[in-house]
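See below for the structure under consideration.
The values are calculated or read from the model by the stated rules, or taken from the named source; none is laboratory data. What you are looking at is a predicted structure, and each value in this text was computed from that prediction instead of being measured. As a convention, Cβ positions derive from the backbone with ideal geometry for all residues, glycine included, and neighbour counts pool all protein chains shown. Side chains included, ligands, DNA and RNA excluded: accessible areas come from the protein's heavy atoms. Shrake-Rupley method; radii C 1.70, N 1.55, O 1.52, S 1.80 Å.
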Amino acid sequence: MGEKSVVAFRLNGEDVDLDVPSDSTLLYVLAYDANALGPKYGCGKSQCGSCTVLIDGDPVRSCDVRVSAASGRHVTTLAGLRETDGTPGPLQRAMIAEQAAQCGFCTSGAIMQAQALLDRNPNPTESEVRSALNEILCRCGTQNRIVRAVLRAAEEM
Amino acid sequence: MNKTLSMSRRGFLTKTGYLTIAFSVPLGMSTELAYAEDALADAHGDLRSNPMLDAWIRVNADGTVNLMIGKVELGQGIVTAFAQVAAEHLDVNIERLDILSGDTFHAPDQGTTAGSNSMPAAYGALRVVASEVRAALLELAAEELGVSFDDLTVEDGTITGPNGEQTTYWDLVDGETLHRQATGHVPIKSHEAFRLIGQPVPRLDIPGMMNGETTFLHDLRPEGMLFGQVVRPPTYKARLLDVDTAAAEAMPGVMEVIRNGSFLGVVAERQDQALNAANALRQAADWEVESDLPRNENMKEWLLSQEAIVSKKKDEPRANGPEPTKVIEAEYYRPYHMHGSLGTSAAIATLDNEGVTTVQTHSQSVYPTARAIAGMLGVEDDKVHLQHVQGSGCYGHNMADDAAADAALLAQAVPGRPVFMQYTREDEHRWEPYGSAMVIKTRAGVDEDGNVLDWDFDVWSTPHGLRPGGNPARLLPAQYLDPPFDEIGIPQSSGGPPNYNTARNAIADYAFPGHVVTDHYIPKAPLRVSSTRGLGAYANIFAAESFMDELALDAGVDPVEYRLHHMEDQRARDCINAAAETFGWDSYEGGNNRGRGFAYARYKNYAAMSAVALEVEVNPRNGRIRVIRVVTASDAGEIVNPDGLKNQIEGGLIQMLSWTLKEEVRFDDTRVLSDDWASYPILTFNEVPQVENVLINRPGEPYLGAGETLVGQAGAAVANAVYDAVGVRMRDLPFTPSRVQDAIRG
Ligand code: FES
Ligand code: FES
């Protein structure tokens, strides 16, 4: 494990400075040092998407990059999509309205990936939503509800 | 109101702040629980082992209600459904409930949450308990208000008398506790009066999940948490000969390297450090390795050539009558399947200074697994405390229990510190207990109209149910300790009625004049196996419902018509008709490599029933099957939560389509080769079809449990639709493009 060094980035609008080994995996730093509760380990090799966060608005598999990938940049997780009063934001509300989860383990990755899509393309078609989410795996079979939630959010946003 | 419930204030204890009535009617024999409704019959077991009302429900003076249940949330909305049941029968708003589930020290032991039977049994127990708590409170209110019990009404815990006099549950319980046994003599609210049951109540856990609040075990961050990893052997039976731990021990952050027999693990300060140290240990370890696996491509022959325990699951050959005009035979194969939980299994374990190991786990079976872990650690049962916290969906017995055991072992090395242990994807894929491979041979003698006279169904399979029970040997790490726990206890029988296991749904629900089902059970497990969605049902339904299609087409009869002709049960017929109508079966026009397929089954022959109609398109050039749209029609008895039910049914359907089209655990003679999502692909967003779910509600009928109502129907409906589309019959799963291409080329 490498030398410790201070990594600084913005997480959901707040500055964080962390003293962590410089070769740490971004996912583990977010989860266990910055205490972000969204991104999850599912595969560690960019195959499932459950660790997805946004870095400067782009979806990134945080399991497969070092913490330096976030250095000096804006990282967004589920908490960053909330309204300022802490209540769920538009995409999160749409996910709740569609009850778009079973176990919910894929939820965080799916929401982050969908948010990146909506930021780029506020009115996606159903097939654009499916394609954007195609690398997010859901083992519970909740895909159709998630697609409906993203389309609902697009309508309401 | 039943007289036996009359109480006086004399017995009240006033120390604990919730209502206890020191009043006890022994629960006694089941004859005392003379409930009119069948739905309540299953409640007896859970109630008899946990008869105290306050083991389940506590009404608090602050206006909250504690609900303690032994069943756990697996991502199917089970806890929300329990909350609906409790709130309904207590007459309180659901928001008042504070729910504790699956805590082996503090919630009633309701065994394992599995087999789609969680609701029917536990739902009954909770209805009894909640009704009795409500009645006890009304008795108190009647006394306090000086009015008759029968004149009281309740709205969200506020009790109103005939002249508008009021009190509340919360006032009544102030300084009191309700500590008495269930009597079984309180009338239970009937379905006509339901306000919550039957409504699409939103899942209680979903908002937090979406909002990024603590929901999962993986979200817990106890003070001082360390990170553990286990170095699994290269193969199932490998023995650790030697390992130089020095290099790993010297790595940054490493707290402890643990070696016990062939069990090798590490605890470190950070997750990256634990993973790096585990890799270093893997490099440094010298193992004795065996090579005795049958290889996935040989599995069919292997199953058919092993010595098997043969038993008849149904033995009703036709005694007399005409010879069949024709005999038709077929053979079907299902490979090993993975649960494939999206999140790998994890646990957090802490050994405290009283010698109690507390484990946060997402196990389906916290109570028996706690006993198995105690056995593994060599401590008394009361030294192991399991607390259920939600994890990734499991779809059966995945590695959750193994993770709890691994974390518990690692925690012994660092007393006082919580150890978080989450498997790598490779470990989860290679070591989870799979769903058993199966071969099914079918044979039908038909009359001159093509209708079945004799139906013979033969099943070959290895075990399906090897949950820990209380047995340490069924926890993965225990098998590698010194001395090892090696009595896995593979059952010598394949399970009988009504649930069966290898032969689950091997008996078809059609009325055949002659009907013989033979189980060839191989009590061996070349690959580690245990309960996986539906056990034998997926393959048995796949085979039976594919074969029904083959027979229908041979007879020149529409496959839906053919099923109805052989089906007497009216509810099944309603299901079949509902699916066919909603799909537009009769007006369907295929062509252009498109086709339609149908299948029906009633899970376990007694649980919920589902029919499926679907459309596929097959690309004859590359062999790719695209499922375009699906209609399901299901009857699960009285529906508790229609939205939750649809979510479960559709989820099951999609997972079963994934098994059908893509999934097979691959292995050579040494090890499992499917070790990530590239080597074990599953259905993705682009491949998931449009689904319409029709529910047939049966108010007043027992709730049937529906987590697995839709299993093999998906496989058969796809096979039948592929035949309709391009005229090839797929009998070996999965229907990968290369298999379909081979079949088309003949
Ligand atoms: S955990 Fe990062 S993609 Fe799977
Ligand atoms: S909801 Fe369980 S993995 Fe998607």
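In the full protein context, the protein assembly as shown carries 35 Å² of accessible surface per residue, based on a 1.4 Å probe and ignoring ligands, DNA and RNA.
Cut-off under 13 Å on the C-alpha distance; same-chain residues fewer than 8 positions from B:K189 excluded. Which aspartates and glutamates are left, in chain and number order? By straight Cα distance, B:K189 reaches B:E37, B:E88, B:D91, B:E132. Distance between the modelled labels on B:Q283 and B:N93, one decimal in nanometres: 6.1 nm (7 Å Cα→Cβ projection).
So how exposed is A:V29, as accessible area in Å² (1.4 Å probe, rounded to 10)? We get 0 Å² for A:V29.
The share of accessible area on region B:664-746 that comes from carbon and sulfur is 41 percent, using a 1.4 angstrom probe.
The label point for B:E143 and the one for B:R745, both projected 7 Å from the Cα toward the Cβ, are 8.4 nm apart. Highest mean packing first, where packing is the average number of other Cβ atoms within 10 Å per residue, the peptides B:588-596, A:88-96 line up as A:88-96, B:588-596.
Legend: mean number of C-beta atoms from other chains within 10 angstrom of residue C-beta atoms, peptide A:103-113, equals 6. Magnitude of the charge dipole for region A:4-80, about its Cα centre and with charges confined to Cβ atoms of Lys, Arg (+1) and Asp, Glu (-1), is about 280 debye. The modelled label-to-label distance between B:E487 and B:T582, using points 7 Å beyond Cα along the C-beta direction, is 5.0 nm. Ordering B:I541, B:L293, B:W455 by Cα displacement along the dipole of chain B toward the positive end leaves B:L293 in first place; charges were set at the Cβ atoms of Lys, Arg (+1) and Asp, Glu (-1). Computed with every protein chain present, the accessible area of B:D150 is close to 110 Å² [probe 1.4 Å]. Helix A:107-120 and the long axis of chain A differ in direction by around 80°, with both axes built from C-alpha atoms. When only the Cβ of Lys, Arg, Asp and Glu is charged (+1, +1, -1, -1), the dipole of the protein assembly as shown relative to its Cα centre reaches about 1080 debye. Counting Cβ atoms of other protein chains within 10 Å of each Cβ in B:655-665 and taking the mean gives 1. The residues of region A:1-41 occluded by other protein chains by 30 Å² or more of accessible area, set against the chain on its own, are A:M1, A:Y28, A:Y32, A:L37, A:K40, A:Y41; surface from heavy atoms, 1.4 Å probe. Shape class of the protein assembly as shown from the alpha-carbon gyration tensor: rounded, with the ratio a/c of largest to smallest axis under 1.5.
Between A and B, buried accessible area from a 1.4 angstrom probe totals roughly 5100 Å², ignoring ligands, DNA and RNA. Annotation: aspartates and glutamates with alpha-carbon distance below 14 angstrom to B:K312 (same-chain offsets under eight excluded): B:D456, B:D458, B:D519. Peptides B:618-626, B:599-607 ranked from most to least packed by the mean count of surrounding Cβ atoms within 10 Å: B:599-607, B:618-626. Shielding value for B:337-343 is 5, the average number of Cβ atoms from other chains within 10 Å of each residue's Cβ.
For B:R624 and B:D558, a Förster radius of 30 Å and the Cβ-Cβ distance give a FRET efficiency of 0.65, rounded to the nearest 0.05. Accessible surface comparison of B:F485, B:F227, probe 1.4 Å, protein chains only, largest first: the order is B:F485, B:F227. From the residues B:M251, B:L410, B:T80, which one has its Cα farthest along the dipole of chain B in the positive direction, the dipole being from +1 and -1 charges on Cβ of Lys/Arg and Asp/Glu about the Cα centre? So the residue we want is B:M251. Largest first, the residues B:T350, B:T502 sort by 1.4 Å accessible area into B:T350, B:T502. Along the charge dipole of region A:4-80, Cβ charges K/R +1 and D/E -1, which of A:G42, A:L26, A:L54 sits furthest on the positive end? Result: A:G42.
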